1. Collect residues whose amide H, placed 1.01 Å from N in the peptide plane, falls under 5 Å from the amide H of Thr12; neighbours closer than 5 in sequence don't count.
2. Counting each DSSP H run of 4 or more residues in the chain as -39500 (n - 2.57), what helix-only mean residue ellipticity at 222 nm follows after dividing by all residues, to the nearest 500 deg cm²/dmol?
3. Could you do me a favour and compute the accessible area per residue for the chain, 1.4 Å probe, result in Å²?
4. Between the DSSP loop rule and a limit of at most 11 other Cβ atoms within 10 Å, which GluC sites (Glu not before Pro) in segment 1-67 are left?
5. With springs only between Cα atoms under 10 Å, which of Ala68, Ala81, Ala14 fluctuates most in a Gaussian network model of the chain?
6. If a helix is a whole DSSP H run, which ones in the chain reach 15 Å or further along their own axis (Cα) and hold a mean Kyte-Doolittle hydropathy of at least 0.0?
7. Express in nm, to one decimal, how much length is gained between Cys61 and Asp24 on full extension, taking 0.36 nm for each residue of separation and deducting their alpha carbon distance.
8. What does the charge dipole of the chain about its Cα centre add up to, to the nearest 20 debye, if the Cβ of each Lys and Arg holds +1 and the Cβ of each Asp and Glu holds -1?
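The values are calculated or read from the model by the stated rules, or taken from the named source; none is laboratory data. A quick note: this is a predicted structure, and the numbers were derived from the prediction, not measured. Virtual Cβ from ideal backbone geometry, glycine too; neighbours counted across all protein chains shown. Surface accessibility is based on the protein's heavy atoms, side chains included, excluding ligands, DNA and RNA. Shrake-Rupley method; radii C 1.70, N 1.55, O 1.52, S 1.80 Å.
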Amino acid sequence: MITITEGVDFDTIAREWRCKWSPDGDKASLAAAQTALTEVLADLKAVDGVKDVSRTVCGGCLDFKVAAQVDAGKFGAWEEAGFPPEESFLEKLKGIEGISLIESQTFTIMKC
């Protein structure tokens, strides 16, 4: 367990990939983003220390998010390797018409 400050501990670090999708073309960009995720999902789940992978979609704000939750003790090695398959996935998103605001973020998680 890692402590940020008194009372703020965590045992999991997540890497999130996110973008905005367009409702145009019967949500074609959303479908393509899901296909891109499916293409890298096995590699993502195979990362040493992965506890969970989740996909979040918001139909109101048009978010598409993927979060890989990794054991805090193993996260550093994944980070040093460049978060594979992040580069591949983000490149796939960049090639999809209707996808915008592609970002990534790292944050901590602790079940309460």
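1. Ala72, Ile109
2. On the way: 3 runs with 40 residues, N = 112.
Taking each H run of at least 4 residues, the total per residue is -11500 deg cm²/dmol.
3. Details: 6520 Å² over 112 residues.
Each residue of the chain exposes 58 Å² on average to a 1.4 Å probe.
4. Values: sites: Glu6, Glu16, Glu39; in loops: Glu6.
Those satisfying the criteria are Glu6.
5. Among Ala68, Ala81, Ala14, the largest GNM mean-square fluctuation belongs to Ala81.
6. Details: long enough: 24-45 (30 Å, 0.10).
Going by DSSP H runs, the hits are 24-45.
7. Values: separation 37, 0.36 × 37 = 13.32 nm, distance 1.40 nm.
So the chain would gain 11.9 nm between Cys61 and Asp24.
8. Values: 12 positive and 19 negative charges, 63 e Å.
Here the size comes out at about 300 debye.
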